[in-house]
């Protein structure tokens, strides 16, 4: 009985070793950087950064329970401009990208991106990222649309799912909001633990509803952005995204964006926290000065 048990245990160990060996190792940074460049991720992110100070400002303006003064909102804008930069984004984004890729995925993704359909897809994504906030809102609300057909509409619905557009958009928004809150706590000298926990729980409780509400606007967004891609191009893109390599590529792409926007959000929050603390100290000093009794003037002889 003892020998039987030991032989079974050894068999299970060998299976575990085989399983671990089968897990593809992540690629190095240089390899990830080549794919990062082929996918024009830098161009996409850089194009979107100009609107971030306004987005962060809206985030704080929406907090009606503790409204900020004009001076504080100005500090929000300055912190966002300093933090949402491509050099803050890129190092953590590339590291996460490499950690979620393997050699086989890189090879398949590079082959696809080098194809005509892949090039058209990347160009369309860069153009979408370059849209103004006003145009993007019109497209997502349905006020601005491209001509389509039932066949193309069906393809866009599948593409939105395959790209995980709604999930990734909400993930980045929640990540950014949590990072800004966490950074603000750190910069203000507060305990970041409770702040991060509250932000995380709030995000998780609303995630599914936010994703469901985002799905239709994202389909409109994709349909408009990919309006110049032929049906054949769309089918080629969908085929890649639904493949094993395509699914892994999308996971790595989302992880990359998540890490980069977390870094920028954290940097923004830290700088904002420091600014708000300085403003609060200055306000306190002013109030204390106002409460002090006026100095008694010594009468002239």
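Among the conditions (1) crowded, with 16+ Cβ neighbours inside 10 Å; (2) modelled with pLDDT under 85; (3) assigned to a helix (DSSP H, G or I), residue 106 misses just one, which is (2). When the stretch 17-49 is limited to residues that are at pLDDT below 50 and loosely packed, with under 10 Cβ neighbours inside 10 Å, the one that is nearest to residue 96 (Cα to Cα) turns out to be 23. For the stretch 111-127, residues that are out of contact with any helix residue (DSSP H, G or I) (no Cβ under 6 Å at 6 or more places or on another chain), in contact (Cβ under 8 Å) with a residue 60 or more places away in the chain and over 17 Å from residue 48 (Cβ atoms) total 3. Every listed requirement among (1) over 30 Å from residue 27 (Cα atoms); (2) buried (at least 21 other Cβ atoms within 10 Å of the Cβ) is met by residue 253 save one, (1). Can we say residue 79 is in a helix (DSSP H, G or I), under 15 Å from residue 259 (Cβ atoms) and out of contact with any strand residue (DSSP E or B) (no Cβ under 8 Å at 6 or more places or on another chain)? For residue 79, the condition - in a helix (DSSP H, G or I), under 15 Å from residue 259 (Cβ atoms) and out of contact with any strand residue (DSSP E or B) (no Cβ under 8 Å at 6 or more places or on another chain) - is not met.
Look through 68, 59 and report the one residue that is surrounded by fewer than 19 Cβ atoms within 10 Å (Cβ to Cβ), without any contact (Cβ under 8 Å) to a residue 40 or more places away in the chain and over 21 Å from residue 236 (Cα atoms). So that I can check it myself, show each step before the final result.
On the way: 59 fails: without any contact (Cβ under 8 Å) to a residue 40 or more places away in the chain.
From the options 68, 59, the qualifying one is 68.
Looking at residue 124, is it over 26 Å from residue 239 (Cα atoms) and surrounded by 15 or more Cβ atoms within 10 Å (Cβ to Cβ)?
In short, no.
The values are calculated or read from the model by the stated rules, or taken from the named source; none is laboratory data. Keep in mind it's a predicted model, so treat the numbers as computed, not measured. We place every Cβ from the backbone using ideal geometry, glycine too, and count neighbours over all the protein chains shown.
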